[in-house]
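Worksheet: one structure, shown below.
Just so you know, all these numbers are worked out from the coordinates, no wet-lab data involved. Predicted model only: the values in this text are computed from it and were never measured. Virtual Cβ from ideal backbone geometry, glycine too; neighbours counted across all protein chains shown.
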Amino acid sequence: MPDETYTDAIALLKADHRRVEGLFEKFESAKGGNKMKIAQEICNELKIHAVIEEEIFYPALKGKIETDTLTEAYVEHDGAKVLVNDIVAGDPEDEYFDAKVKVLSEEIKHHVHEEEMRQEGMFAQARDAAVDLVALRDEMLARKEELKPKAEAGALPPAELKVVHA
């Protein structure tokens with residue numbers, strides 16, 4: 001399912017990053033019931049993004065980029081997932097709701113920076129590793145298309161933690 005609007009997997013992931021950044025900005029100025037709608041949209045976008053990275057993108061990079069970079073990405077995802085699940089289960093009237101969205105925004109900003117750093121970031125390492133980023137884009141787009149209707153129907157399951165805790 002190729003889509004020429006995204007030149008490769010990295011362009012697709014960067015577009016997701018920009019979309020979520022815009023949603024966090026919208027949340028900051030939102031009022032009342034609109035807050036939950038935007039928070040839900042943020043969480044759905046992040047759930048789908050995490051799935052395509054963890055099922056497709058990250059496994060394709062295993063053994064081809066620095067192990068620490070990949071390991072940290074999984075741990076950062078798990079930290080974000082805890083907040084995503086709390087936000088989805090919460091209510092804008094909850095005492096810590098806005099703080100959870102704010103902290104999630106900060107965690108995502110850090111994660112995006114780590115992936116997008118020009119020289120040592122995950123995306124730069126992926127390009128240097130000669131991974132087939134076009135084939136990955138197609139696979140990731142197909143998976144996103146499977147997940148979007150579930151998100152729109154409010155049927156995405158809670159974000160699943162991947163890192164095994166001792």
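Our Cα-only numbers for region 104-145 put the radius of gyration and Dmax at 12.5, 32 Å. Take the Cβ atoms of Lys14 and Glu41, set R0 to 22 Å, and the FRET efficiency comes out at 0.75.
Here the sum of -39500 (n - 2.57) over DSSP H runs of 4 or more residues, divided by the residues of the chain, equals -23000 deg cm²/dmol at 222 nm, to the nearest 500. Stretching Asp132 away from Ala89 to a fully extended chain increases their span by 11.7 nm, per 0.36 nm per residue minus the current alpha-carbon distance. Kirkwood radius for region 71-166, taken over all pairs of different Cα atoms as the inverse mean of 1/r, rounds to 15.7 Å. Residues Ser105, Ser29, ranked from the fewest to the most other C-beta atoms within 10 Å, line up as Ser29, Ser105.
Residues of region 20-38 with an amide N closer than 20 Å to a point placed 7 Å from the Cα of Glu106 along the Cα-to-Cβ direction: 20-30.
Structure remark: mean-square fluctuation, Gaussian network model of the chain, C-alpha springs under 10 Å; the largest value among Gly121, Gly154, Gly32 belongs to Gly32.
Between Arg143 and Arg118, the C-beta separation translates, for a Förster distance of 25 Å, into a calculated FRET efficiency of about 0.35.
Here the extension length gained between Glu160 and Thr5 equals 52.8 nm, from 0.36 nm per residue of separation less the Cα-Cα distance. If you wrap region 9-152 in the convex hull of its Cα atoms and look at it from every side, the mean projected area works out to 8.2 nm².
For the chain, a simple Cβ point-charge model (Lys and Arg +1, Asp and Glu -1, everything else neutral) yields a dipole of about 300 debye relative to the Cα centre. For the chain, the longest principal axis of the Cα atoms and the long axis of helix 97-116 meet at an angle of about 10 degrees.
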